[in-house]
Amino acid sequence: MKTPWHDSRFVVQMPHMAPGERLSEVEFLKLLAAYQWSGIAHMLGRKPSEITNDSRERLYGSVIDVEMKLADQHSMEVLGEDAEIRIRNRVTSYAKKFVEGLFVIDDHDIPDSLLATLKTREDLRSLPVSWACMTNAFIAPTGSNTRLKVYKPAGIDERNLEELTAPPQGVRLQAHVQGGGAIEPLDDGPGGTARGPTRPARSPYPIRPARGRNGAGLVYFARYESMMNYGERKFFARQLEVPISNELVSCLSTEHRKAYFFANASPGDDVDVRVSAELLPPGSFAPPPSRPHRTPMKFRFRLELYRTSDNVLMATSLVRKALNVPGSAKAVLMECDRLLRRWT
């Protein structure tokens, strides 16, 4: 049975937004995960709350990797307040324990013809619109958040599902990166100039019982992105020879992210957020088309999250962010000019 392309849409309003009247990457990833879980439930023919293993333990769709790339005509600002975002997504099972989800994203209707040849993540890369890919493992907590076991959902053998015959990229690369391998480069051209200390800057982030955990009591994958954003803010405030203003840092806008997730954490744990950054060469990227903001700089960040109780690597990410500054923010644009003169 071939799984269908589902069709969803939402209008961006305040709960979906970050400061600067733009779409929040964290909130958007939560929505994508919700659409993915709904697609998984449809694939299995049951409600999300009824997905269990053969021992009737409740299963959850743990995100082990996510990649999101905005098209040139899009930005988190373009997809800001009142934008109606369309999302087409489908899920496919692998080994009956993992699911790969493909997402096609636009602020216009997405025709079926655009989806006809899309089968894997690699097929998404040629699209003229924004896209994302997410890989889930079916897990059940086993006594604590530090040990999560993968299971096969009960009843999946009877569903006659279309299955991936080879491990999806998310499964392969998550294992590769966890074993010490490099994250595949983003498609953002030549290498940049390192900024800050030669060793990754470190910022502690405390896990609190009432913050960042989902209904299963786990630290939700989108909270990992929040921790990474926190680390970036601390990096710019404390690690450079000249500290950068909060107003400038608030203009950072995600364009392309690859992230891999390996472990969870318990309340009371601290997370060691490690950040390194590169400034992409000025002139190596085109100015934004017909937008009410300027993009004087772009950065590439490598981020790692470690559980401080045992130094286990929890997650890692490679992300490119544009500094999208409103044309009216003259002080920030002047600060950018000063920094570029100092750095280039």
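The values are calculated or read from the model by the stated rules, or taken from the named source; none is laboratory data. This structure is a prediction, so every number in the text was calculated from the model and none was measured. As a convention, Cβ positions derive from the backbone with ideal geometry for all residues, glycine included, and neighbour counts pool all protein chains shown. With ligands, DNA and RNA removed, areas are computed over all heavy atoms of the protein, side chains included. Shrake-Rupley method; radii C 1.70, N 1.55, O 1.52, S 1.80 Å.
Label sites at Leu114 and Glu21, each approximated as a point 7 angstrom past Cα along Cα to Cβ, lie 2.5 nm apart. Sorted largest first by accessible area at a 1.4 angstrom probe radius, with every protein chain in place, the residues His74, His42 fall in the order His42, His74. Just to verify a number: FRET efficiency for Asp123 and Ala182, C-beta to C-beta distance, R0 = 22 Å, to 0.05? With R0 = 22 Å, the Cβ-Cβ based efficiency is 0.40.
For the chain, carbon and sulfur atoms together expose 49% of the accessible surface, with a 1.4 angstrom probe and every protein chain in place.
Give me the net charge of Leu161's neighbourhood, meaning all other residues with Cβ under 15 Å from the Cβ of Leu161; Lys, Arg count +1, Asp, Glu -1. The answer is +3.
Averaged per residue, the chain has 45 square angstrom of accessible surface, using a 1.4 angstrom probe with ligands and nucleic acids left out.
In percent, rounded to a whole number, the relative contact order of region 27-177 is 31, using alpha-carbon pairs under 8 Å and six or more apart.
Stokes-Einstein, applied to the Kirkwood radius of the chain over Cα pairs at a viscosity of 1.567 mPa s and 4 °C, places its translational diffusion at 62 µm² s⁻¹.
Annotation: region 13-104 has a Kirkwood hydrodynamic radius of 14.9 angstrom, from the mean reciprocal C-alpha pair distance. The label point for Val312 and the one for Trp343, both projected 7 Å from the Cα toward the Cβ, are 3.6 nm apart. Shown here is the pair-distance distribution of region 54-189: with all Cα-Cα distances grouped in 5 Å bins from zero up to the longest one, the shares run 2, 8, 16, 18, 17, 15, 11, 8, 3, 0 percent.
Between Ser245 and Arg9, the contour length at 0.36 nm per residue exceeds the alpha carbon distance by 81.4 nm. Over the chain, Cα pairs under 8 Å with separation of 6+ residues give a relative contact order of 18 percent.
Helices in the chain, meaning DSSP H runs of at least 4 residues, each add -39500 (n - 2.57). Divided by all residues, the mean residue ellipticity at 222 nm is -6500 deg cm²/dmol. Net charge dipole, the chain: roughly 860 debye, given to the nearest 20, about the Cα centre with Cβ charges of +1 for Lys and Arg and -1 for Asp and Glu. From largest to smallest, the equivalent ellipsoid semi-axes obtained for region 224-322 from the alpha-carbon gyration tensor read 28, 15, 11 Å.
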